[in-house]
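Here is the structure we will look at.
The values are calculated or read from the model by the stated rules, or taken from the named source; none is laboratory data. Bear in mind the structure is a predicted one, so any value in this text is a computation, not a measurement. So basically every Cβ, Gly included, is an ideal-geometry build from the backbone, and we count neighbours across all protein chains shown. For accessibility, only protein heavy atoms count, side chains too; no ligands or nucleic acids. Shrake-Rupley method; radii C 1.70, N 1.55, O 1.52, S 1.80 Å.
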Amino acid sequence: MKIRKNHARKRYRYSVNRKTLNKTRSSTGKIKDPKLKKMWEEGQRVGTNFNEMGLAKDPNKTIAIPSYRQNRLHAAKIVNGFVEEELDEDELRALGIKKAPVEEGPKRGHVVQELEQLASERADPEFRLPKGVVKELTYFLNKHKFNYKAMVTDRRNYNQSTWRQFRLKIRRFMAIPEQFNVYLEQNKLPKGVKPNWEEYESDSEWK
């Protein structure tokens with residue numbers, strides 16, 4: 001018996017812009033970094049561009065996780081004579097076998113060096129809190145000062161942080177002078193001096 005096939009009726013979608021749709025499908029995305037954009041060749045594939053610049057498209061393939069099973073199989077094949085063991089340079093020279101030429105580096109390898117240098121210049125060893133966290137802590141400090149118990153019951157405690165978590169965040173905020181000094185200036189408080197506010201110091205109970 002022949003199987004009956006049901007075909008959906010084809011409908012032309014007049015609302016779709018075919019030109020824009022084709023560009024979206026064929027596009028590889030916008031390159032934001034100016035150095036990569038300058039060195040990127042549009043006619044080549046993504047993988048070829050990355051290889052020529054010394055970058056990795058897929059880090060799992062570039063730095064693969066070593067397989068214990070594959071290593072054991074390779075060792076067993078060498079022992080049983082199925083695979084020849086790799087020879088040293090001296091052994092190859094004694095047998096008169098030329099060593100395979102060493103592959104040269106990527107064509108546009110200087111891109112990696114430029115990116116590494118740029119990253120080292122921008123690197124900031126000191127820790128900074130995100131702007132959103134600073135804004136949140138500023139609100140709680142302005143409203144409750146060091147009263148962590150009141151912060152817990154505040155309606156804007158969306159993350160349901162405990163009083164110990166609030167205290168840890170605020171102490172971390174106070175340990176960053178560049179960010180905490182801005183808060184002190186806004187509230188007209190002296191720099192380098194801890195505000196004379198009541199604080200809960202005990203970890204076991206509320207004062």
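Tabulated data
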quantity	calculated
Among 171-178, 141-148, the order from most to least packed when residues are scored by Cβ within 10 Å on average	141-148, 171-178
Net lengthening on full extension, residue 63/residue 4 (0.36 nm per residue, minus Cα-Cα)	16.2 nm
Per-pair calculated FRET efficiency, R0 = 22 Å: residue 150 and residue 189 via Cβ, rounded to 0.05	0.65
Accessible solvent surface per residue of the range 131-187, calculated while the other protein chains remain in place, 1.4 angstrom probe, Å²	62
Ordering of 48-55, 33-40, 13-20 by burial proxy (mean other Cβ atoms within 10 Å per residue, highest first)	48-55, 33-40, 13-20
Spin-label pair residue 44/residue 107, simplified geometry with 7 Å Cα→Cβ offset, distance in nm	0.5
Residue pairs, from the table 149/191; 19/107; 5/57; 10/57, whose Cα atoms sit over 31 Å apart	19/107; 5/57; 10/57
Two-site label geometry, residue 182 and residue 165: point separation in nm, points 7 Å out along Cα→Cβ	2.4
Positive minus negative residues near residue 30 (Lys, Arg vs Asp, Glu; Cβ under 13 Å)	+1
Summed side-chain charge close to residue 143 - residues other than residue 143 whose Cβ falls under 12 Å, Lys, Arg +1, Asp, Glu -1	+1
Inter-part distance where the range 1-30 and the range 132-198 are each reduced to a Cα centre, Å	55
Peptide ranges 66-73, 132-139 listed from the most packed, as the mean C-beta count within 10 angstrom indicates	132-139, 66-73
